[in-house]
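*Asks:* If you scroll down you'll find the structure; I have some questions about it.
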Amino acid sequence: MHRLARTGGTAELLRWLAWRAEGWAGIVGPDGTVLHAAARTAGAMVPDVAGLVAESASALAERGVQAYSVDTGEHTALLFPLSGFPQGGFPRSGLPQGGLSQGISPQGGSPQGVGDPAAPVLAVVTPRPVAAGLATLLADVVLPLSLCLQAETLERKRRRVDLAESRGREAVLHLLMTGQLSIAQQVAGALRPRLPDPVRVCVVECSGDDRDEVARICVDADGGRSWIVRCPVYARHLILIMPAGEKAPEPGAAPTDETVAARVGDCVVGVSEPVPLADTATGYRQAFHALAVARELPTRHARFGVSPDPALVVGPAGRRWADELLNPLLTHVPRRAQDPGSQELLATATSWLAFSSHATDHLKVHRNTLAARLRLIGELLGLDLHRLADQSALDLALRVRATPAPACTPEVPSSAPPFPYASGTSQAAGGLDAILCRPAVRDWADQQLAPVLGAEETLRTWLRCEGRLGPTAAGLGISVPGARKRLTRLETVLQRSLLRPPSARYDLWLAFRSRDLAAAPR
């Protein structure tokens, strides 16, 4: 019995009891609900056992008996309360037959918990006559069975608490990713540790079954200073929001991200630059890009290279363009109370641009709900969100809006005449070309494309095909696996993720467009 309790718990003990009793064994609540059950054969289940226990449990509690038996015709039901244990154990002289009036009373006083009407009951239904020694066996099994039941109940409660904490941390991350800093800090106040500022965002990719163990290693490595979240989109990812610029918990200790990569043999780690807490979304994108680079490195660890965000170089004119483009979305008032408002639509657009179809996991919505919201966003903004050009325009506008105005590069007068809106871009995003002609943006574009100078054909074809591998392979005259390998190599060269969202395809589209505009005849 003790071996079964250790290895199989309640389920194995009940299966063993049903086999020994040649019938049915179960744990039944006082209302007759069968909580756990096992039967030796399919026909061993007594149809009215739940009703039998429901009628008898209150009588067991009122009489203060330790156990009793009830005849049900061809079978005998033996019932034991699981709420307490009398000193010296249960009586070992056997159970008399014939009903409640012949139940066994406690010896030396009422056992603790016997009078609890909410206590579950062990019920065993066995053919008549009752096998010799069965009652004694059942009296002996009550203790390990009760302990198993209590341990399993506590484990379920622990898992619910862990799930609630995990969902709470996930909610804080979602608020940070959508720029709702004050609400995120209020929600995070009930959890530990406090949200640091500034931060480095770290993404750890590991085996899905090892996320809890890797999370414990992360806590151990940095002394519990980082905010650790199980990624709601990628089942193999952990997201760490780490304090930036603070000393390690021990003198001479390696940074947390390097320690984790060294201690966990199959994990890959990508880390962002130091960013303000309010800019967590940018930090996450940087860490994800660094993760794509780390997969190709023997150290399995990489930090994001220095590269300005396009939102920082668009200047005041770019901010005015972004405000004008997003105004219909920002001022949207839903017709019905249950329809999404402007903030919910903004969060949906941000999540979809970052995670593509995986946004359903991030937002916890059905794919039809996501599709309906995207249609509404496209109608409000006058964008065709099936086109990479319009997706890039919306992504840039949202990032400009999330960037503090003083951080933008000051306006520099440009002698270049304004361009019409880009080919393949809707008229709603028509002012984008004028922004991409700014000298600061052209410098940014040159910096982005410098690593692939002279080998741009694959990237241009991929962007022209809306980031789809099949058409890209056809356009290049190679196989789909060949196209994937080329793009994987380019991820290492560019130090950006291309094939998995968050992808650098929006930045690359903007960079190529800016270069093409600079080369176009005036």
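*Asks:* Just to verify a number: what accessible area does Thr126 come out at with the full protein assembly present, 1.4 Å probe, Å² rounded to tens?
*Replies:* Rounded to the nearest 10, that gives 10 Å².
*Asks:* Asp197 to Glu22: FRET efficiency via 1/(1 + (r/R0)^6), r the Cβ-Cβ distance, R0 56 Å, to the nearest 0.05?
*Replies:* According to the calculation, E is roughly 0.25.
*Asks:* Give me the mean projected area, in nm² to one decimal, of the convex hull enclosing the Cα positions of segment 213-339.
*Replies:* Convex hull of Cα atoms, orientation-averaged projection: 11.3 nm².
*Asks:* Give me a comma-separated list of calculated 3J(HN,Hα) values for segment 321-328, in order, Karplus coefficients 6.51, -1.76, 1.60 applied at θ = phi - 60°, integers in Hz, x for any Gly or Pro.
*Replies:* Ordered by residue, 3J(HN,Hα) equals 4, 5, 4, 5, 5, 8, 3, x Hz.
*Asks:* Sticking with this one: For segment 434-446, what does the Karplus curve 6.51 cos²θ - 1.76 cosθ + 1.60, with θ = phi - 60°, yield as ³J(HN,Hα) per residue in whole Hz, taken in order and with x for Gly and Pro?
*Replies:* The phi angles translate into 4, 6, 6, 7, 4, x, 5, 6, 5, 4, 4, 5, 4 Hz.
*Asks:* Once amide H atoms are placed 1.01 Å from N in the peptide plane, what residues at a sequence separation of 5 or more from Val199, or on another chain, have their amide H within under 5 Å of its amide H?
*Replies:* Counting only residues 5 or more places away or on other chains, the set is Ala244, Val275, Leu277.
*Asks:* Considering only protein heavy atoms, with the full assembly of protein chains and a 1.4 angstrom probe, order Arg335, Arg230, Arg192 by accessible area, largest first.
*Replies:* Arg335, Arg192, Arg230
*Asks:* If you plug each phi of segment 469-485 into the Karplus form 6.51 cos²θ - 1.76 cosθ + 1.60 with θ = phi - 60°, what whole-Hz ³J(HN,Hα) values come out, in order, with x for Gly and Pro?
*Replies:* So the Karplus estimates, Gly and Pro as x, are 5, x, x, 5, 4, 5, x, 8, x, 10, 7, 4, x, x, 5, 5, 5 Hz.
*Asks:* Another question, then. Residue separation times 0.36 nm, minus the C-alpha to C-alpha distance between Glu324 and Gln150: what's the value?
*Replies:* So the chain would gain 56.5 nm between Glu324 and Gln150.
*Asks:* Rg and Dmax of segment 280-331, Cα atoms, in Å?
*Replies:* So, for segment 280-331, Rg and Dmax equal 16.2, 50 Å respectively.
*Asks:* In whole angstrom, how far apart do the alpha carbon centroids of segment 137-199 and segment 341-359 sit?
*Replies:* 26
*Asks:* Another question, if that's okay. Mind listing the long-range amide H neighbours of Val314? Cut-off is under 5 Å, sequence gap 5 or more, other chains count too, H placed in the peptide plane at 1.01 Å from N.
*Replies:* Result for Val314 returns Thr409.
*Asks:* Now a separate question. Carbon-plus-sulfur fraction of the accessible area of segment 168-319, 1.4 Å probe, in percent?
*Replies:* Working: 3280 of 6190 Å².
After summing per-atom areas, the C and S share lands at 53 percent.
*Asks:* Can you give me the % of accessible surface on segment 117-163 that is carbon or sulfur? Probe 1.4 Å, all protein chains present, nothing else counted.
*Replies:* C and S atoms contribute 65 percent here.
*Asks:* If amide hydrogens are placed 1.01 Å from N in the peptide plane, which non-local residues have theirs closer than 5 Å to the one on Leu35?
*Replies:* Close amide H contacts, sequence-distant or interchain: Ile27, Val28, Gly29.
The values are calculated or read from the model by the stated rules, or taken from the named source; none is laboratory data. This structure is a prediction, so every number in the text was calculated from the model and none was measured. Here the Cβ is made from the backbone with ideal geometry for all residues, glycine too, and neighbour counts use every protein chain on show. Remember, those area values only see protein heavy atoms, side chains included, never the ligands or the DNA or RNA. Shrake-Rupley method; radii C 1.70, N 1.55, O 1.52, S 1.80 Å.
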